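Note sheet for the following structure.
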């Protein structure tokens, strides 16, 4: 397409009314962006249609890793990878630092996060300047992908009441409390500095490492074991629950969250299924 054809096409897609005087400044900015898109994106993409077989094979291989995303986001990620060689599905999630991301349940929260991430993303990738809306949609899709409950990814059975709480929360709010607890626990267990002294024990490697002359640093999570048999503030729950946004599905659910954390710990972290039976008999 020629420049004028491209602008006409984009104007029709966005429903721009150039005769709306109240939107003159906004429309000017949008139309200027069309010109930048044409020369920096459209022409470049069109000129690069003659891809090599190996390049196409690489793109297809990447596309096969994106199955957890919606079709729209898959197409966008593949297009960005094909044009710029960037794995945005890996880099953008690393910029999300909010530990309560999986508790988001409103458009406003996703939009606010996209505003927060946008300057960080364009600083890293200049080509993302015209992709603010797709960044917002990707963030929503990332949340959905990390929260999905389906027959293929069935949530393990904890107790009837907790299973019902998790299921109803997901159906009504799109929030998967099991996955939230799982992500939180893996982050918590990897950072012994957050453990109370009463919950921290030297591991079998601690004395061996402290006596050695090794110049290599090892993760603190290897040097310490977590005392999961403590009776209070398990997995830093007191601080977690206090800082957690008080949404309807977490109010009054501190015990349910502790049980879910303990289930994840016993069954996915430390192979303590026997202790889970002991704990569940006392607590449930």
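The values are calculated or read from the model by the stated rules, or taken from the named source; none is laboratory data. These figures come from a predicted structure and were not determined experimentally. Neighbour counts run over all protein chains shown; Cβ positions are idealised from the backbone, glycine included.
Residue-level analysis places residue 116 outside the set of residues that are more than 30 Å from residue 31 (Cβ to Cβ) and assigned by TED's automatic domain parsing to the domain that holds residue 82.
Would you pick out the residues in the range 251-280 that are free of Cβ contacts under 8 Å to residues at least 60 places away in the same chain and in a helix (DSSP H, G or I)?
Looking only at the range 251-280, we keep the residues that are free of Cβ contacts under 8 Å to residues at least 60 places away in the same chain, and these are 251-252, 254-255, 258, 262, 266, 270-279.
Across the range 251-280, the qualifying residues are 254, 255, 258, 262, 266, 273, 274, 275, 276, 277, 278, 279.
Put simply, of 263, 205 the only residue that is at pLDDT below 90 and farther than 20 Å from residue 143 by Cα is 205. When the residues of the range 2-57 are narrowed to those that are at pLDDT 80 or above and in a loop (DSSP other than H, G, I, E, B), which ends up surrounded by the most Cβ atoms within 10 Å (Cβ to Cβ)? Per the criteria, the residue is 16. Restricted to the range 119-196, the set of helices (runs of 4 or more DSSP H) holding at least 1 residues that are under 18 Å from residue 92 (Cβ atoms) and free of Cβ contacts under 8 Å to residues at least 40 places away in the same chain comprises 132-147. Close Cβ contacts (under 8 Å, 6 or more residues apart or on different chains) running from residues in the range 26-39 that are within 11 Å of residue 14 (Cβ to Cβ) to residues that are assigned to a helix (DSSP H, G or I) comprise 30/14; 31/7; 31/11; 33/130; 34/6; 34/7; 34/10; 34/11. Taking the criterion of being assigned to a helix (DSSP H, G or I) and closer than 17 Å to residue 102 by Cβ, the residues of the range 237-250 that qualify are 237, 240, 241, 243.
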